[in-house]
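Written below as structure tokens is the structure these notes are about.
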Amino acid sequence: MVEVAVFAVAAAACLVGAIGVVLSRNPVHAALMLVMTLFGIAVLFVAQQAHFIAAVQVIVYAGAIVVLFLFVIMLLGVDRAAELSMGALPAQRWTAAAFGLGGAAVLIWLVAAVDRLFKGAKSLALETAGLTDAGAGSDPTDYVADVSALARSLFSDYVYAFELTSLLLIVAVIGTVILARRSGYGGSQHNGNASEAAKAETSSEAGQ
Amino acid sequence: MTGDPLFADGVDWGDIAVMGVKVVVAFAALLVATMFMIWFERKLISDMQHRIGPNVAGPWGLLQAFADGVKFFFKEDLRPANADPLVFRLAPYISAVTAFVAFAIVPVGGVFAAEPGRQGTVTLFGKETILQVADPPVGILLLLAMSSVAVYGVMLAGWSSGSKYPLIGSVRASAQAISYEAALGMSVVAVVIVAGSLSTQSIVASQAGGVNTWLLLTTGIVPFLVFLISATAELNRPPFDLVEAEQELVGGFHTEYSSIRFALFFLAEFMNVITMSAIMVTLFFGGPAGPVFFGWTWLWPTVWFLAKVVAFLFMFVWFRATLPRLRYDQLMSLGWKVLIPVMLFWLMFLGLVQLAGVQGWNRIWVFIAAAIGFALGWALLAAALRAAKRNSVDDDVEALPTHTAGRS
């Protein structure tokens, strides 16, 4: 009963936020709607006993990434009356509709496939973290075991993926710094802004 | 073992009542403490500057904060014509709510013992419970989550005011908060590595064996210093108060706010100072740990906790009275070029020491290896900084000859 209520409220927040992101005419309002969606997802994670993922969701996505979106919106000054009057590309609507329908079809197929796969299994998170046989299921409030299980699978089974991701982020940071420096020689004002944005971006990646 | 023993045997109405009492008491205590803090800061800073300070309302001016609060309630609530109505109203609530929620994870009392078992519990109305509002499984991460959400309050307040000084103030504030959050988070990680738990309850329990088990010493002081500096920056307290530098930005992000909305920002700011002091006591100074003498044994830990928090509050006021404000580039280079590299090294060092303890390696070799690693990393960083400095001087000479005249 409580779970259904929590799910209903969180899912409603997610959906309202997601629709709001698309429909808001003001970029800042759209970013705030995105925050609402992220919070809804965090609540859903908590409802699944994935407390750590929920905290990381709030700290990294709501706390760093969307703050950066807002930061860029403020620095570029596109906040009031967004300039979207540029005409649509030829056949853009039809292409967008086709891709949207294709995406929806893939999503429905994925949900059905995952549903079939994990029917009867306890939970996806427990399965991947290898907790089912670790004996940690004896006490659901003993959370330390969960965090260390997550760390163990991240640094043993998935260590290559983990290291490649961090390499990717470093490449992105260095690329940003180089681009910011190269474009900055023309005007002094722009240089300052760009390097500041690059700095802020580095921090979000450090947060991850 | 984390979690509140209150809910160990199912939930009944008595549990809910105890929980409600705890929430209301924490809320009221924080409000009263904020009013005390405002009086404390004004009185102390006037003592340090050889002034009298507030002395009219009540004995020693104690009711001054109360009088200010009443005045705020009855002032007219102004909203600039350019402001974004919805966001302008939303921003103060984000600031105030996050300030309240972050305090929920602080254990404010209870007797902790070095041996394992139920820790820091008291009995309220025949129910065994812990003296903190909540002990969530993510524990100390809630603080980081709340401090990163609190950025929205400041940022949106500045943006939605539709005025240039608040906007500059809020851009400064968000850049500063994001920069120092990394260092703050890493010093929390150092505590978590050594204490072995995210829960504040377990972190306090791991420091119950006397002063030499306090995490201040077992993490090697450096994380505490980094935490202290970054917490001061996160709080926008002097010497890091560029966000509301009066000489440049009028009042910073809350320039356009008045009446009760301004009071909410003010409240959130002072409440955050109290929360950060309490978190520092919890993470590094044993929380409510201290000798228990006589009489009510359950009261002494709370007394010790309050004494430690007041010591930190005194220190924050002392900072404000003593230290001049940093320049913006100094602020950024302190955060990015000093605190984060130092903390990264210290994290690896602590991890190595922990590993050495598990594997039974010789401590001396570990320290030698760490020293060599530190020297190499420091040399690399110094070389990179020197190169960056050389390049940036070239840039300045090309692009802004007048601006840099005074800098070198």
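The values are calculated or read from the model by the stated rules, or taken from the named source; none is laboratory data. In this text, all values refer to a predicted model and were calculated from it rather than measured experimentally. With ideal geometry, Cβ positions are generated from the backbone for all residues, glycine too; neighbour counts draw on all protein chains shown. Calculation scope for accessible area: heavy atoms of the full protein, side chains included, ligands and nucleic acids excluded. Shrake-Rupley method; radii C 1.70, N 1.55, O 1.52, S 1.80 Å.
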When you check residue B:290 against the structure, is it in contact with a helix residue (DSSP H, G or I) (Cβ under 7 Å, 6 or more places away or on another chain), of a type outside the set (A, V, I, L, M, F, W, C) and farther than 30 Å from residue B:343 by Cβ, yes or no? no
Matching residues in the stretch A:26-45 (touching a residue at least 24 places away in the same chain (Cβ under 8 Å), open to solvent by 50 Å² or more (accessible area, probe 1.4 Å) and within 11 Å of chain B (Cβ to nearest Cβ)) number 1
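Matching residues to (1) free of Cβ contacts under 8 Å to residues at least 60 places away in the same chain; (2) more than 13 Å from chain A (Cβ to nearest Cβ):
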site	(1), (2)
B:22	no, yes
B:26	no, yes
B:61	yes, yes
B:75	no, yes
B:82	no, no
B:100	no, yes
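Taking the condition open to solvent by less than 20 Å² (accessible area, probe 1.4 Å), within 11 Å of chain A (Cβ to nearest Cβ), more than 14 Å from residue B:243 (Cβ to Cβ) and not basic (Lys, Arg), does residue B:204 pass? Break it down stepwise before answering.
Numbers: open to solvent by less than 20 Å² (accessible area, probe 1.4 Å): yes; within 11 Å of chain A (Cβ to nearest Cβ): no; more than 14 Å from residue B:243 (Cβ to Cβ): yes; not basic (Lys, Arg): yes.
Here the answer is no, as residue B:204 does not meet what is asked.
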When the stretch B:153-177 is checked residue by residue, the ones that are of a type in the set (Ser, Thr, Tyr) and more than 7 Å from every other protein chain (Cβ to nearest Cβ) are B:160, B:161, B:163, B:165, B:170
Within the stretch B:207-227, residues being open to solvent by less than 20 Å² (accessible area, probe 1.4 Å) and free of Cβ contacts under 8 Å to residues at least 60 places away in the same chain number 1
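Among the candidates B:68, B:15, which residue alone is over 25 Å from residue B:154 (Cβ atoms), assigned by TED's automatic domain parsing to the domain that holds residue B:166 and not in a loop (DSSP other than H, G, I, E, B)?
Working: B:68 fails: over 25 Å from residue B:154 (Cβ atoms).
Answer to the selection: B:15.
Hey, does the stretch B:127-135 have a residue that's in a loop (DSSP other than H, G, I, E, B), more than 14 Å from every other protein chain (Cβ to nearest Cβ) and farther than 30 Å from residue B:16 by Cβ?
Narrowing the stretch B:127-135 to residues in a loop (DSSP other than H, G, I, E, B): B:131-135.
Next cut, more than 14 Å from every other protein chain (Cβ to nearest Cβ) only: B:131-133.
Keeping just the survivors that are farther than 30 Å from residue B:16 by Cβ gives none.
Scanning the stretch B:127-135, I find no residue that is in a loop (DSSP other than H, G, I, E, B), more than 14 Å from every other protein chain (Cβ to nearest Cβ) and farther than 30 Å from residue B:16 by Cβ, so the answer is no.
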The one condition residue A:65 fails out of (1) hydrophobic (A, V, I, L, M, F, W, C); (2) more than 9 Å from chain B (Cβ to nearest Cβ); (3) crowded, with 20+ Cβ neighbours inside 10 Å is (3)
Note on residue B:400: of the conditions (1) modelled with pLDDT of 85 or more; (2) open to solvent by less than 50 Å² (accessible area, probe 1.4 Å); (3) under 29 Å from residue A:181 (Cβ atoms), unmet is (1)
Q: Take residue B:344 and decide whether it is part of a helix (DSSP H, G or I), away from every other protein chain (no Cβ under 12 Å) and under 33 Å from the mean Cα position of the chain (by Cα).
A: no
Note on residue A:23: of the conditions (1) open to solvent by 60 Å² or more (accessible area, probe 1.4 Å); (2) more than 10 Å from every other protein chain (Cβ to nearest Cβ); (3) modelled with pLDDT of 90 or more, unmet is (3)
query: What do you reckon, is residue B:304 free of Cβ contacts under 8 Å to residues at least 24 places away in the same chain, in a helix (DSSP H, G or I) and open to solvent by 60 Å² or more (accessible area, probe 1.4 Å)?
result: yes
Just one listed residue, out of B:36, B:73, is assigned to a helix (DSSP H, G or I) and over 27 Å from the mean Cα position of the chain (by Cα), and it is B:73
Taking the stretch A:46-62 and the residues there that are open to solvent by less than 30 Å² (accessible area, probe 1.4 Å) and of a type in the set (A, V, I, L, M, F, W, C), the one that is farthest from the chain's Cα centre (by Cα) would be A:50
When the stretch B:187-201 is checked residue by residue, the ones that are in a helix (DSSP H, G or I), farther than 22 Å from residue B:338 by Cα and open to solvent by less than 10 Å² (accessible area, probe 1.4 Å) are B:200
